[in-house]
Structures are given as structure tokens and as C-alpha cells.
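Peer 1: Here it is: the structure, laid out below.
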Amino acid sequence: MQLIAVGVQDTVVQRLSRQGWKGHRIGGLAPVAWHTLPDVAAVMALPGPYVWIIGDALGRPAPSAIGPDDVVIDLGGGDSVARSIPNRVAIGLQDSPFAVDYGFLLTAGGNPAAVGRAATILDALAPTPKAWLYAGGQGAPAFLSLLTHALGANWMGIAATMASQNFSQGLAPWWAGQRALLAQLAQPARVYLETEQDADYRALPGMASPFPFAAPGGRADDAPARKLAQLLCWLDQQGHAP
């Protein structure tokens, strides 16, 4: 299969090159042994099928350019047009200046067949093979990224609060802040549970679930993102219980 990188950051292409992969790049300089293509139309001159790695480039291929045997690894947004591609794998990727040498922290979302076909590329991008999370449906990486950003901002707020707190009120302000954070996290969790189609999720061979528990009202074989969303909603409900 032809590996086509469209508008992705340099570190992604360099990591793949470091791991021994060769391909074609649209947008940006190509590493040694890679080829530069002017646009998506030039891809059609190459024999398929293709593995597309797509960033937020304006020149991303139209769904009509994606063949039935292609795999789409999408690092960009998940609009309705992109999500309509049945073999699309959505990726949440944490970039780092050390990623070329040590790999990325990444999550994947999509149907099991597509994620399984993309696994060798994801193994190359991750720190070690299988060191990435198959989180659920196509919306799972964005959902987990949202939670990560909210938690990161909250910890910065805690540090500021603890530095300025005279503790005359005890830990009440801190607990109130945590309660507000839980309500904030439960809101996108409810949206995920109501809108995400990940009922066909199944763990890939050789990849254990990071959340072996079953959240209240859930199942042991639910997708990790769904389990986390269920847990957040349940915890938020306990805070409102009489």
C-alpha cells in the first residue's frame, strides 16, 4: 500500500521515517527516501490502495478520492464529512520535541476493522508497538483530548488556589472547585454517550483494556471512552443525590 501524508506536522513524518517507513508527502519537505507530491490529484497516478495520514491541511482529499481498500488515519477534525468515511481512523496525538526519537502518546477511534488495518502505522508512531489506546468510536480521541485539557487547566487552577489560600475556610473552596470540575466533565461525557456510535467496539488482539472495570450501568466490554464517560456521569449524579 502507498503511504500518503497530507498536511501533517514534520514530527509525524520524521517519526515514520525513523521507524523505517517510506512514502509520499503533500505539504512540507519530505525526509530522505520519501517523495514530495504537489497535490492530492498527483496521488491518483500512483497504484493503490493507499494509507492516508491526514492533518488539518486545506488540501485534504475529498471522500470520493478514498477507495474502498484505503485506510484513512486522520489527525485533524472530525466534521460530518470526514466521519462519513467508513474506513477512517480518528487520532488524538500529543506532539512533542522528543516524539521523533521516542514516539507519540496517541489514541485511536473508529470501527475495529479500520483500526486493525491501521495498527502497524500506529505502532510506528507510538513509543513501542501496542503502546497506544484504541478508545472507541471516531469521536473518542476528541472526547479524551477535551477531558485532558480540562484537567490540565484545573490543576493549574489548584496550584494558584493553594498558593493563595489561607485555609481559614479549610478545604471547602478546593472541594467546591472539584465539584464544579466534575460537573464540567460530565457535560461532554453525556454528549458522547448520546451521540457516539461505538457499539461495534472490540479490543484488538494483544491489546488489553486499560479500564478493566465496568462502570455502573455499563458492560465490561464497553469501549474505554464509553466506560470513562459512564463513570463521570455516575459520579456527577452522586453529587446531586439527596
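Peer 1: For Trp34, tell me the accessible area in Å² from a 1.4 Å probe, rounded to the nearest 10.
Peer 2: In the full protein context, Trp34 sits at about 20 Å².
Peer 1: Treat each spin label as a single point 7 Å out from the Cα along the C-beta direction, and report the Ala203 to Ala62 distance in nm.
Peer 2: Result: 4.3 nm between the two label points.
Peer 1: Related question: Compute the long axis of helix 224-240 from its Cα atoms, compare it with the longest principal axis of the Cα atoms of the chain, and write down the angle in degrees, 0 to 90, nearest 10.
Peer 2: It works out to around 20 degrees.
Peer 1: Ok, one more. Based on the alpha-carbon gyration tensor of the range 179-240 and its eigenvalue square roots a ≥ b ≥ c, which shape applies: rounded if a/c is under 1.5, prolate if not and a/b is larger than b/c, or oblate? Before the final figure, lay out the partial values.
Peer 2: Working: a/c = 2.45, a/b = 1.86, b/c = 1.31.
Cα axes put the range 179-240 in the prolate bin.
Peer 1: Kindly write out, for the range 183-195 in residue order, the coupling ³J(HN,Hα) from the Karplus curve 6.51 cos²θ - 1.76 cosθ + 1.60 (θ = phi - 60°), rounded to whole Hz, with x marking Gly and Pro.
Peer 2: Once rounded to whole Hz, the list reads 4, 5, 6, 5, 5, x, 5, 5, 4, 4, 5, 7, 10.
Peer 1: Check which residues have an amide H placed less than 5 Å from Leu3's amide H, if you skip close sequence neighbours.
Peer 2: Here the answer is His24, Val51, since their amide H atoms fall under 5 Å of that of Leu3.
Peer 1: Then there is this: For the chain, what is the calculated [θ] at 222 nm in deg cm²/dmol (nearest 500), taking -39500 (n - 2.57) for each run of four or more DSSP H residues and dividing by its residue count?
Peer 2: Rounded to the nearest 500, it is -13000 deg cm²/dmol.
Peer 1: In the set (i) 18.7, 60; (ii) 19.9, 66; (iii) 20.4, 72, which value of Rg and Dmax of the Cα atoms in Å was calculated from the structure you see?
Peer 2: After the calculation, the listed value that fits is (iii).
Peer 1: Quick check: pseudo-label points 7 Å beyond the Cα along Cα→Cβ at Asp39 and Asp101, how many nm apart are they?
Peer 2: Distance between the two pseudo-spin positions: 4.0 nm.
Peer 1: Please report, in debye to the nearest 20, how large the charge dipole of the range 1-152 is about its Cα centre when each Lys and Arg carries +1 at its beta carbon and each Asp and Glu carries -1 there. Walk me through the numbers before you get to the answer.
Peer 2: Values: 9 positive and 10 negative charges, 42 e Å.
For the range 1-152, the charge dipole is close to 200 debye.
Peer 1: Tell me the net charge near Asp101. Cut-off is 11 Å between Cβ atoms, Asp101 excluded, with +1 for each Lys or Arg and -1 for each Asp or Glu.
Peer 2: On the way: positive: Arg15, Arg18; negative: none.
Net local charge, Asp101 excluded: +2.
Peer 1: Along its principal axes, what span do the Cα atoms of the range 40-110 show, with the longest given first and each in whole Å?
Peer 2: 35, 26, 22
Peer 1: Under 8 Å for C-alpha pairs, at least 6 residues apart: give me the relative contact order for the chain, rounded to a whole percent. Each step should come with its number before you reach the end.
Peer 2: Values: 380 pairs, mean separation 34.2, N = 242.
Value for the chain: 14 percent.
Peer 1: Right, here's the next one. Ranked highest first by the average count of other Cβ atoms within 10 Å around their residues, in what order do 89-100, 187-198 fall?
Peer 2: 89-100, 187-198
Peer 1: Taking +1 at the Cβ of each Lys and Arg and -1 at the Cβ of each Asp and Glu, which of Gly28, Ala114, Gly59 sits farthest along the dipole of the chain towards its positive end, judged by Cα position relative to the Cα centre?
Peer 2: Farthest along the dipole direction, towards plus: Ala114.
Peer 1: So what J values fall out for the range 200-209 if you push phi through Karplus, 6.51 cos²θ - 1.76 cosθ + 1.60 with θ = phi - 60°, rounded to Hz, Gly and Pro as x?
Peer 2: Each residue of the range 200-209 in turn: 8, 4, 8, 4, 6, x, x, 10, 6, 5 Hz.
The values are calculated or read from the model by the stated rules, or taken from the named source; none is laboratory data. Everything quoted here is computed from the prediction, not taken from an experiment. Every residue, glycine among them, receives a Cβ derived from its backbone with ideal geometry; neighbour counts consider all protein chains shown. The protein model used for the area step is the full one, side chains on, heavy atoms only, and it has no ligands, DNA or RNA in it. Shrake-Rupley method; radii C 1.70, N 1.55, O 1.52, S 1.80 Å.
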